[in-house]
Amino acid sequence: MNEQLQLDFDKIIKTLKIPEKEIQLKKSFLKKFIENGFPNRKQEDWKFLDISQIIKKNIGELTFFNDYSLPNKIDPSIFVDGLEHNKIIFINGRIEKIDFSYEDQSQIEINDEIGKNIKFDYENSLIDLNNAFTNKVYKILIKKNYSLKKPLIIYHSTNNKINSKNVNLSLNFELEENSCLRLIDYFSDNTDKNFVNILYNFNLKKYSILKNYKLDKFRNNNLKYSFNNIEQDDNSISETFILSAGSDYFKNEVNCNLNGEYSSAFINGVFSLKENQQHEIRSTINHLVENTKSYQLIKSVLGKNSKSAYQGRIFVDSKAQKTDGYQLSKAILLDETSEFNAKPELEIYADDVKCSHGSASGSLNENSIFYLMSRGLNYQQSKELLINGFLLDVVEKITDSEIRNLVKNIIGLKE
Amino acid sequence: MDTREKDIEKLKDYKYGFTTDIENIKAPKGLNEDVIKFISNIKKEPQWMLEFRLKAYERLKLLKEPNWQKPKYPKIDYQDLYYYSAPKSMKDKPKSLDELDPKLLETYKKLGIPLQEQARLNGIAVDAVFDSVSVATTFKGELTKHGIIFCSMSEAIQKHPELVKKYLGTVIPVTDHFFATLNSAVFTDGSFVYIPKGVKCPMELSTYFRINASQTGQFERTLIIADEGSYVSYLEGCTAPMRDENQLHAANVELIALDDAEIKYSTVQNWYPGDENGKGGIYNFVTKRGLCKGKNSKISWTQVETGSAITWKYPSCILKGDNSIGEFYSIAITNNHQKADTGTKMIHLGKNTKSKIISKGISAGFSDMTYRGLVDINSKAKNSSNYTQCDSLLMGNKCGAHTVPYIKNKNFDSNIAHEATTSKISEDQLHYCQQRGLNPEEAVGLIVNGFCKEVLQQLPMEFAVEAQKLVGISLEGSVG
């Protein structure tokens, strides 16, 4: 694989016209990735689902070359109906269009960030891979006191013109004081067996609000990895909702640093999985100062041969008194071949805190089914009704009513 | 200083910190095949036992010391330890208690276990392990009447080789992890219990462990077998003298419960925790594992962990038999610079198996406490269930409390429920108690005992009282 990596990397560098400095930077990331390789189960964070094995089994050898100098055709049929929105269209590893036509253009700045890859103090070879192969990193800045009128939808799409087996996207958002962004990640895949690697960095200044909804609903055979890093200043709020249902493999990581007082983070997730799907959410919330809050609710419905994993970590620094940190994960196993894994972790160094986690898993409650059947529903209907209610609980947590309805329609939940 | 302060001062000191001057026989320092042969030879072991040890040693050479645990410690030089140390007078084992070295008896008296009196009064059978060898087992007559075998491991190897051979290493194989394998290679003594079919052991069995000599590691091995339909309750207590150096204690405990049998294993661990600055203390790296081999069997672990510089252990249950039950009740208290990484593993293999985990962690001072546990329900373990509750209490903001549960559910018929909370003693509770005339220390003691109640209830009477006191003493000086 390493030869292929190097070969494809050199080819990409040739087609891209980028300064020497950036080439060197990319080379250093590639070198680091080659040293470490894909993460595997020996690493604690990858214990439950081993990505290197899954790539080998589902895709085989990865290839990395795409000619990023050529544009891709945009297929408007993928657009979401019935909701006015701004768009970023990402096709085959290339950002084709950035459209903020509903907004006041002077309040949004979009920069092509040359030579500024996103760096974290975090060991993760997939981030190195991303930094080495993303063709352009954009920085989107929302100016002070501006709330976007319409949500922004990022379309993640692939079509049969794709050459490589791996695409990478990296975006950097900055929300200035008192600004607000609603961001939807919308996945529509028209090709098979690609590995999609997404990296977002969010910088939330005082009183800003970020709402990020990741909607992976349509069944496809791609593998996806997404990493959100969120830095939060005083009184800022971040809300992340993950619908994890479409891809063969999807791992969502959210790393949230609550650096400012009275900041809060919410992470809610739904796994709805069937044949051979393996999905994971891993969240890390770092409470670093006083008076911060975090809430997490993750629910899974697992069908035949499917597997979900939730690793949630709440870290409370010794300075972070008066922290509230709550975490709850629940799973319904529908088949004898389904599997649920959880590792809800608390690491606490301050004493005046309220932290708790809970995890429950099991089959559908027979008594509830009996109750519904005695009211005239058949077995299948009763089951569906119970699952509906189980998942609705999480979807109701979405604070934006427009998007909540969109998500309900996508999942097919009834009230 | 008024009397109360003096009292506290006294209590703060580790009361078992004395050493006993007894002439020791030691194996040459270091770990190699010769030392293993020396140990085996001095204990007059049969060939198969030596082979067992050497096999473990071969395996050990391939293993690396694990380092994923939360409390880190300086590297242990395994060549700088004595692997065998025995009081000289034990060379020819005394036949009865009267022949014991009076100094030894004195030591045990100081520890609060006068062996002779115990034999007469309490009706608790005691096996005492001093450094590496088992010194005395009381109450033999009564036990023999029921066909119960309760003796030291070395005696069992001599007298009941068929039982030892059949069960030793079946729960913790020689190919296990680093410390377990080290123990398999160099273990010196420990207790052996066999309860025959249908016998309910009429008294509590108890072992007292004591590390006396310096630069020694204690590697005891305990094996308890409960045959069909039997019941036994086993208690274990530990102490060690105060020393500046860190001493290693790597024991293996294997429990085997056959059809309808029940084993209740209680530990009050009070090894020397080191001084206030974190100097010295015992490294308690113990492997405890129980196998519910038969149908309807039950294994229950109860532990009160107050001592040791570092506690690193996970008493586990393998629920292999259908309808078997595993339980784990734990109180772990860390103060000053103590560190603990403890919890349990419940591995459900059989149908209708049930497990329950109640863990209470209390950390104070500069200490660090981690609950780490695994609940794994296998795809064949139909209709199984687990309930886990782990609560932590923090005192001050220099200490840490962590919870790392691993939950794996591969069976759709089974239920797992896990809950964890972290909190501190509320000002309201303290205020209420003080209003009723308790001083702050007493108030904390009362609240902490309430916090631990669910676990303390599980201990046998004699131990419960001691444990309750221990909980209070361990936290002295941590309030205010």
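The values are calculated or read from the model by the stated rules, or taken from the named source; none is laboratory data. Here the structure is a predicted model, which means the values were calculated and not measured. As a convention, Cβ positions derive from the backbone with ideal geometry for all residues, glycine included, and neighbour counts pool all protein chains shown. Keep in mind that these areas ignore ligands, DNA and RNA; they rest on the heavy atoms of the full protein, side chains included. Shrake-Rupley method; radii C 1.70, N 1.55, O 1.52, S 1.80 Å.
Remarks
- Taking the Cα centre of the protein assembly as shown as origin and assigning +1 to Lys and Arg Cβ atoms and -1 to Asp and Glu Cβ atoms, the resulting dipole is close to 1880 debye.
- Amide H partners (placed H, <5 Å) of A:ASN212, local residues excluded: A:LEU183, A:GLU239, A:THR240, A:PHE241
- For the stretch A:115-241, size of Cβ-based charge dipole, Lys and Arg +1, Asp and Glu -1, in debye: 560
- Shielding of peptide B:414-427 by partners, expressed as the average count of other chain Cβ atoms within 10 Å per residue Cβ, is 6.
- Low-density loop cleavage sites - trypsin sites (Lys or Arg not before Pro) in the stretch A:1-76, where at most 12 other Cβ are within 10 Å (DSSP): A:LYS17, A:LYS42, A:LYS73
- The gain in end-to-end length when the A:GLN24 to A:SER101 segment is fully stretched comes to 24.1 nm, 0.36 nm per residue minus the alpha carbon separation.
- Among the GluC sites (Glu not before Pro) in the stretch A:1-99, those located in a DSSP loop and surrounded by at most 14 other Cβ atoms within 10 Å of their own Cβ are A:GLU61, A:GLU84.
- Farthest positive-ward along the protein assembly as shown dipole, Cα basis, beta-carbon charges - from A:TYR146, B:HIS249, A:ASN197: A:ASN197
- Shape category assigned to chain A from the gyration tensor of Cα positions, a/c cut at 1.5: rounded
- Three-way shape label, the stretch A:55-146, alpha-carbon gyration tensor, a/c 1.5: oblate
- Charge-dipole axis of the stretch A:2-260 as Lys and Arg at +1 and Asp and Glu at -1 on Cβ define it, positive-most pick from A:ASN163, A:ASN40, A:ASN257: A:ASN163
- A:LYS17/A:ASN305 FRET efficiency (R0 41 Å; Cβ-Cβ; nearest 0.05): 0.30
- Among the listed pairs B:LYS75/B:LYS339; B:LYS313/B:LYS339; A:LYS307/B:LYS410; B:LYS43/B:LYS64, a Cα-Cα separation exceeding 19 Å is found for B:LYS43/B:LYS64.
- Residue-wise HN-Hα coupling along the stretch A:183-189, computed from phi with Karplus coefficients 6.51, -1.76, 1.60 (Hz; x: Gly, Pro): 10, 10, 9, 10, 9, 9, 10
- Near A:GLU280, the amide H atoms lying under 5 Å from its own belong to A:PHE250, A:LYS251, A:ASN252, A:ALA309; only residues 5 or more places off or on other chains count, and H is placed 1.01 Å from N.
- Residues whose placed amide H lies under 5 Å from that of A:GLN296, excluding near-sequence neighbours: A:ILE267, A:TYR326, A:GLN327, A:LEU328
- For the stretch A:333-411, the set of trypsin sites (Lys or Arg not before Pro) satisfying both a DSSP loop assignment and a count of at most 10 other C-beta atoms within 10 Å is given as A:ARG375.
- The distance between label points at B:THR175 and B:HIS431 comes to 6.2 nm (points 7 Å beyond Cα on the Cα→Cβ vector).
- Counting Cβ atoms of other protein chains within 10 Å of each residue's Cβ and taking the mean over peptide A:328-338 gives 3.
- Cross-link pairs beyond the 31 Å C-alpha cut-off, checked among A:LYS42/A:LYS299; B:LYS345/B:LYS398; A:LYS73/A:LYS214; A:LYS27/A:LYS97; A:LYS11/A:LYS143: A:LYS11/A:LYS143
- Look at the stretch A:358-366: the mean tally of other chain Cβ atoms within 10 Å of its residues' Cβ atoms is 6.
- Label-to-label distance, nm, for residues given as B:ASN32 and A:ARG219 (7 Å Cα→Cβ offset): 6.6
- Portion, in percent, of the accessible area of the protein assembly as shown that falls on carbon or sulfur, probe 1.4 Å: 48
- Assuming charge only on the beta carbon of Lys and Arg (+1) and of Asp and Glu (-1), the dipole of the stretch A:365-415 about its Cα centre is about 120 debye to the nearest 20.
- Cα gyration tensor shape for the protein assembly as shown, rounded if a/c is under 1.5, else prolate or oblate: prolate
- Averaging Cα coordinates gives a centre for the stretch B:37-62 and one for the stretch A:264-298; these two points are 51 Å apart.
- Gain on full extension, evaluated as 0.36 nm per residue between A:ASP352 and A:SER368 minus their Cα-Cα distance, stands at 1.8 nm.
- Residue-wise HN-Hα coupling along the stretch A:212-228, computed from phi with Karplus coefficients 6.51, -1.76, 1.60 (Hz; x: Gly, Pro): 10, 10, 9, 10, 10, 10, 7, 4, 8, 9, 8, 10, 10, 9, 9, 10, 10
- Placing unit charges on the Cβ atoms of the charged side chains and taking the dipole of the protein assembly as shown about its Cα centre, the candidate lying farthest along the positive direction among B:SER206, B:SER324, A:SER77 is A:SER77.
- Taken one residue at a time, the phi angles of the stretch B:329-344 give Karplus couplings (6.51, -1.76, 1.60, θ = phi - 60°) of 10, 9, 10, 10, 10, 10, 9, 6, 9, 5, 9, 9, 10, 9, x, 8 Hz. Gly and Pro are set to x.
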